[in-house]
Amino acid sequence: MAQTSRFSGAADTAWLDRLVEPILEPDLPIVDPHHHLWERDGNTYLMPELLTDMKSGHNIVATVFEECHSMYRTDGPEEEASLGETEFVTGLASDRACQRMVGRVDMMLGSRAKGLLERHIAVSGGRFTAIRQSTAWDGSDKVHKVVPTPEMLRDVTFRQGVACLAPLHIAFDAWVYHPQIQEVAELAAAFPNTQIVLNHVGSPILGGPYASMRDQVFVDWRASMAALSRHPNVTVKLGALPIRLPGSTANRDLPPSSEEVATAWRPWLETCIELFGADRCMFESNFPVQKRWCSYAVVWNAFKRIASGASAAEKAALFAGTASRVYRLD
């Protein structure tokens, strides 16, 4: 199998199936608070694929869909295009899969965002409990810019949109790179009644211009996370980090084991739990993106290895409780 098929789009399921692990703590209830559904670039991950992964042996009691510009409307006003994604997810949702969803409404609409948020809530039948507007940006040309301009979280009009969230009990998912974590802290301070969820432990950049300074990246990232943790309305999703292993992962006969994934992620995830506490952290699968490197069974085994020393109450929060509270699951 060519390397590009494994790391440039669709997951190589035959490669992933070569590694089978016993499921650790199979009865532990899990809410997966971050997965996508899409059909793009040869990568199909819709309800059949999700349900197959949910049957991996872990006790997945509910999931939360995360916006990904999927199935947007192709006609009508541009600001209403994301209603197509909410309609799509609502039409597929079951009692467990996509019990809640993180959708998208453009906060640059300012105060006009309120009416559109209410429409998403109505269309979703109440599943729509958060929005994500990704603002990841870095000054280096070697780092992918999710948005074309920096400091969107500081924009006055953007914040007028964010002001519409708390009255509707809508949380805000933030996807930024690690040099932008301070911006998330400022947003949390400005809107203390809004639940803010930092995605992917703040996405530390470990490649490109930062590849030769990973130790310093960790130091800088930890300092920013310590400052962010002082804001009680912020929670953190734990996962979606690169798996740094000796040699080329793409040329391995077997995908990474849960022990290898846990070893690669442990310093970052344990630091988050130390700073924020288990009741403000939640493990996330980030499927199908993470599926390019390991299976659903392996990624949740890795989280269970990382949390092996936690108390029963802490595990309950990390694997289900925090996500249930933030996204208002039954």
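The values are calculated or read from the model by the stated rules, or taken from the named source; none is laboratory data. None of these values were measured; they are calculated from a predicted model. Virtual Cβ from ideal backbone geometry, glycine too; neighbours counted across all protein chains shown.
Restricting attention to segment 160-173, the residues that are part of a loop (DSSP other than H, G, I, E, B) and in contact with a Leu (Cβ under 9 Å, 6 or more places away or on another chain) add up to 3.
Within segment 187-208, the presence of a residue that is assigned to a helix (DSSP H, G or I), small (Gly, Ala, Ser) and within 29 Å of LEU92 (Cβ to Cβ) is excluded. Residues in segment 76-88 that are over 15 Å from LEU117 (Cβ atoms) and crowded, with 18+ Cβ neighbours inside 10 Å: GLY84, PHE88.
Please work out if VAL176 is under 18 Å from the mean Cα position of the chain (by Cα), part of a loop (DSSP other than H, G, I, E, B), buried (at least 23 other Cβ atoms within 10 Å of the Cβ) and touching a residue at least 12 places away in the same chain (Cβ under 8 Å). Here the answer is yes, as VAL176 does meet what is asked. When CYS272 is tested against the conditions (1) closer than 25 Å to ALA310 by Cβ; (2) assigned to a loop (DSSP other than H, G, I, E, B), the lone failure is (2). Figure legend. Inter-residue proximity from segment 190-216: first residues closer than 20 Å to ARG154 by Cα and small (Gly, Ala, Ser), second residues in a loop (DSSP other than H, G, I, E, B) and at pLDDT 95 or above, beta-carbon distance below 6 Å, spacing 6+ or different chains. Indicated pairs: SER203/TYR177.
Scanning segment 110-146 for residues that are β-branched (Val, Ile, Thr), surrounded by fewer than 20 Cβ atoms within 10 Å (Cβ to Cβ) and outside any loop (DSSP other than H, G, I, E, B) returns ILE121, VAL123. Take THR235 and decide whether it is polar (S, T, N, Q), more than 17 Å from the chain's Cα centre (by Cα) and under 30 Å from CYS98 (Cα atoms). No.
Restricting segment 26-75 to residues that are among the polar types (S, T, N, Q) and surrounded by fewer than 15 Cβ atoms within 10 Å (Cβ to Cβ), which is nearest to ARG328 (Cα to Cα)? Full working, then the answer.
Going through segment 26-75, the residues among the polar types (S, T, N, Q) turn out to be 43-44, 52, 56, 59, 63, 70, 74.
Narrowing the set further to residues that are surrounded by fewer than 15 Cβ atoms within 10 Å (Cβ to Cβ) leaves 44, 52, 74.
On the way: THR44: 29, THR52: 25, THR74: 31 Å.
Restricting to residues being among the polar types (S, T, N, Q) and surrounded by fewer than 15 Cβ atoms within 10 Å (Cβ to Cβ), the top hit is THR52.
Within segment 39-49, if we keep just the residues that are in a strand (DSSP E or B) and touching a residue at least 60 places away in the same chain (Cβ under 8 Å), the residue that is nearest to ASN199 (Cα to Cα) turns out to be TYR45. Taking segment 212-240 as the range and being touching a Gly at 6+ places or on another chain (Cβ under 8 Å) and not in a helix (DSSP H, G or I) as the test, only VAL236 passes.
Suppose we keep only residues that are under 19 Å from the mean Cα position of the chain (by Cα) and more than 25 Å from PHE65 (Cβ to Cβ) within segment 183-199. Which one would you say is surrounded by the fewest Cβ atoms within 10 Å (Cβ to Cβ)? Explain how you work it out, then say what you get.
Residues of segment 183-199 under 19 Å from the mean Cα position of the chain (by Cα): 183-185, 187-188, 194-199.
Right, trim to more than 25 Å from PHE65 (Cβ to Cβ) and you get 183, 185.
Numbers: GLU183: 19, ALA185: 21.
Among those that are under 19 Å from the mean Cα position of the chain (by Cα) and more than 25 Å from PHE65 (Cβ to Cβ), it is GLU183.
With respect to (1) closer than 12 Å to LEU238 by Cβ; (2) among the hydrophobic types (A, V, I, L, M, F, W, C); (3) modelled with pLDDT under 95, the lone exception for CYS272 is condition (3).
Of all residues in segment 50-100, those satisfying the criterion of being part of a helix (DSSP H, G or I), closer than 21 Å to LEU16 by Cβ and in contact with a strand residue (DSSP E or B) (Cβ under 7 Å, 6 or more places away or on another chain) are LEU50, ASP53, MET54.
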